[in-house]
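The values are calculated or read from the model by the stated rules, or taken from the named source; none is laboratory data. Keep in mind that what you see is a predicted model, and the values were worked out from it rather than measured. Neighbour counts are summed over all protein chains in view; Cβ atoms, including those assigned to glycine, are modelled from backbone coordinates with ideal geometry. All accessible areas refer to the heavy atoms of the entire protein, side chains included, with ligands and DNA or RNA removed. Shrake-Rupley method; radii C 1.70, N 1.55, O 1.52, S 1.80 Å.
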Amino acid sequence: MKLAGCMLGSILLSLAVGCSSSSSQVTDEAMFVFHGGPDRDLALADVPANIREAALRAVPGLVLRSAEKEMEDGVWIYSLEGTAGEEEYCVEVSLEGQVLEVENEDDDDDADDDDDDADDDD
């Protein structure tokens, strides 16, 4: 059954490449079908080197722990999560290796906590 699924994915990808105006580009719809949805967890070893390197340059000392490839506004991006020191980060990188966003996950939590405390009557 797995082999049939892989073969179907390969056929769909081949058709999409053959039907596109540029054989080097695959349509978003074909990628959606081929990858089984808009988000896809990846092993860190499966993340292209230029993507990993961009994330590591963006946050000095970053130790990567997970990666996901996702569709945002019709564009595929890699979202890499990890830690640097005691801080947790999420780095979004384009297919070309351009860092799109660096989020310090701990800062978001602190900001939310401060807002919640301000609303308390205690």
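For region 55-90, a tally of residues being under 13 Å from the mean Cα position of the chain (by Cα) and of a type in the set (A, V, I, L, M, F, W, C) returns 9.
Would region 39-52 turn up any residue that is at pLDDT 50 or above, in contact with a Pro (Cβ under 8 Å, 6 or more places away or on another chain) and among the aliphatic types (A, V, I, L, M)? No, region 39-52 has no match at all. Within region 59-106, if we keep just the residues that are in contact with an Asp or Glu (Cβ under 8 Å, 6 or more places away or on another chain) and not in a strand (DSSP E or B), the residue that is most open to solvent (accessible area, probe 1.4 Å) turns out to be 86.
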